[in-house]
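Here is the structure we will look at, set down as structure tokens.
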């Protein structure tokens, strides 16, 4: 009978699911293009190279810039050479499949036995000491769809945490003790019911500190999920992965075997024997035990019935107040009275500005912390539940180049968001004000350009949900004490529930001078519209001139001026003449990149990852730009379609709708 029970339990266990996921992060190449030929060359050699290395890791590159293909593959540390080669080859095929990343110049394929990445940029440079920033990595954690309710959550959590911690430490120690090729890899199991298996792995190219920070972040993010008893999890990023299951998912014997931790202490009621004959003592003890069990059973049934009744009667109340369920340090719930006191009842003297999403006030909490409170205009979209979910998503977006959302308040029809306070104000003040206090050095200008690009990269590619800002402009870039830029107003259209799809919006409403033509005219939304806005920002930062949004077609705007000077070879005249040779070279390179970002065809604009690569690699070749969008010649005409002025409601640099779009999908 015991064997039968064990067999039934094993049948109920979810299998260690083969893991498959992908991320596309490049532009589209044409069939039979030069890049396709370069990619075919690396695809031909990389499977064999990876399978022949003891670490299971290899890189390959082929072709000439800008169509050079860079690729890397890392096989799971326990697979044999044939399995490794087959997995990498299958990953290349899957990347080109219609459902994955067809004709894409950048992709990351997560397979069960390997990970593959290829791109037009040398992404391994991220591992350089001056580039590695584990705090900016966003990891994907994938739990099993089925659970096994066979142990207390706390007990299972302790067992799973112990083996995950052990394999992380063992993977680091194994690489440090290796006398041959470095290999961060470890497997282990813990003698639990059911038995728990775990695996940890890092790229061999990483330093021990990089591997530890990568796996450590995965462990910290995974541990809170253990109490919910998922029975299969893989948490990963291209540089490392951490995984566990209740079924073996790797080959061979585990490197580590741990005993199960002791179960949580259970306090049993004690029975004090009464004096008298032995038989009477036993009889009395039996009667007492029976009565005690009956009372306990009745008590438990009563509690169960009461809880179910309470849930039914309070369900409507909970639905009316979903914010009470939010917990966590990253998203606080503020009382309206506290925000009224902090802002002196939203006094006009504390007003910091007004934009398309609402009015912003400066405030000071009772503990002396300065905050910025945005009082949103418009409704809350799909109701309180939807608002509750969206605020939680926005609060999870943490990056040094994004303004941090600290919490919110919902009171009747009002919704208020509480942000960190950035006292230096907006980039607009630094670029276009003539005050000596706001003068930026070239190093600060370059740092702002690069910081904005890194913030966009996080929104587009590294966050848990893809966010397209759609209203990047100097007024939406704040500058902190260290002169680092922080992007504001991201994700608010999603929060406010504006009507749009992921690819098209019914009416493009925004700030003239920063809107891409395909969005302004046809409402087409993609990451490339943010690239266009970034290109305009770059030209404004380098020249310290505002891009004209005048209706006067005879007035040449900044884009036209830059392009005219570029074609005449006099663009250096638009740069600060006091710059030294190195700074001057950087400024010219930034203008070149800016022109590439404002091309008429979205496919001709680079992705933000490529922009960052070009900004930080002075020796990287950049192709010559074509005539940009919205180029107004002095003699006539528009080289690209113009904005339809009738589609806009204009103000002084005010966006009049919620113009951010979010695509929530796992990374």
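The values are calculated or read from the model by the stated rules, or taken from the named source; none is laboratory data. Only a predicted model underlies this, so the values are computations on that prediction, with no experimental measurement involved. Here the Cβ is made from the backbone with ideal geometry for all residues, glycine too, and neighbour counts use every protein chain on show.
Here are the numbers:
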{"read-out": "Any hit, region 166-175, residues being under 22 Å from residue 611 (Cα atoms), surrounded by fewer than 17 Cβ atoms within 10 Å (Cβ to Cβ) and modelled with pLDDT of 85 or more", "value": "no"}
{"read-out": "Residue ID - modelled with the lowest pLDDT, chosen from residues in region 136-149 that are under 30 Å from residue 399 (Cα atoms) and in contact with a helix residue (DSSP H, G or I) (Cβ under 8 Å, 6 or more places away or on another chain)", "value": "138"}
{"read-out": "Matching residues, region 544-554, being closer than 21 Å to residue 600 by Cβ and at pLDDT 90 or above", "value": "none"}
{"read-out": "Options 55, 65: the member that is within 22 Å of residue 174 (Cα to Cα) and either touching a strand residue (DSSP E or B) at 6+ places or on another chain (Cβ under 7 Å) or touching a residue at least 40 places away in the same chain (Cβ under 8 Å) (or both)", "value": "55"}
{"read-out": "Test for residue 557: is it modelled with pLDDT under 90 and under 14 Å from residue 628 (Cβ atoms)", "value": "yes"}
{"read-out": "Among (1) at pLDDT 90 or above; (2) surrounded by fewer than 21 Cβ atoms within 10 Å (Cβ to Cβ), the one test that residue 152 misses", "value": "(1)"}
{"read-out": "Index of the failed condition, residue 215 passing every other in (1) surrounded by 22 or more Cβ atoms within 10 Å (Cβ to Cβ); (2) at pLDDT below 85; (3) outside any strand (DSSP E or B)", "value": "(2)"}
{"read-out": "Evaluation of residue 6 against (1) within 29 Å of residue 461 (Cα to Cα); (2) at pLDDT below 90; (3) part of a helix (DSSP H, G or I) (one fails), failing number", "value": "(1)"}
{"read-out": "When residues of region 353-373 are limited to those that are buried (at least 18 other Cβ atoms within 10 Å of the Cβ) and either at pLDDT 90 or above or in contact with a helix residue (DSSP H, G or I) (Cβ under 6 Å, 6 or more places away or on another chain) (or both), the one nearest to residue 417 (Cα to Cα)", "value": "373"}
{"read-out": "Residues of region 476-489 that turn out to be at pLDDT below 90 and touching a helix residue (DSSP H, G or I) at 6+ places or on another chain (Cβ under 6 Å), as a count", "value": "2"}
{"read-out": "Complete set of residues in region 226-235 that are at pLDDT below 70 and in a helix (DSSP H, G or I)", "value": "227, 228"}
{"read-out": "Boolean, residue 63 is at positive phi, touching a helix residue (DSSP H, G or I) at 6+ places or on another chain (Cβ under 7 Å) and in the same structural domain as residue 27 (by TED's automatic domain parsing)", "value": "yes"}
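Yes/no matrix, rows are residues, columns are (1) part of a helix (DSSP H, G or I); (2) at pLDDT below 90:
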residue: 11; (1), (2): yes, yes
residue: 16; (1), (2): no, yes
residue: 41; (1), (2): yes, no
residue: 83; (1), (2): yes, no
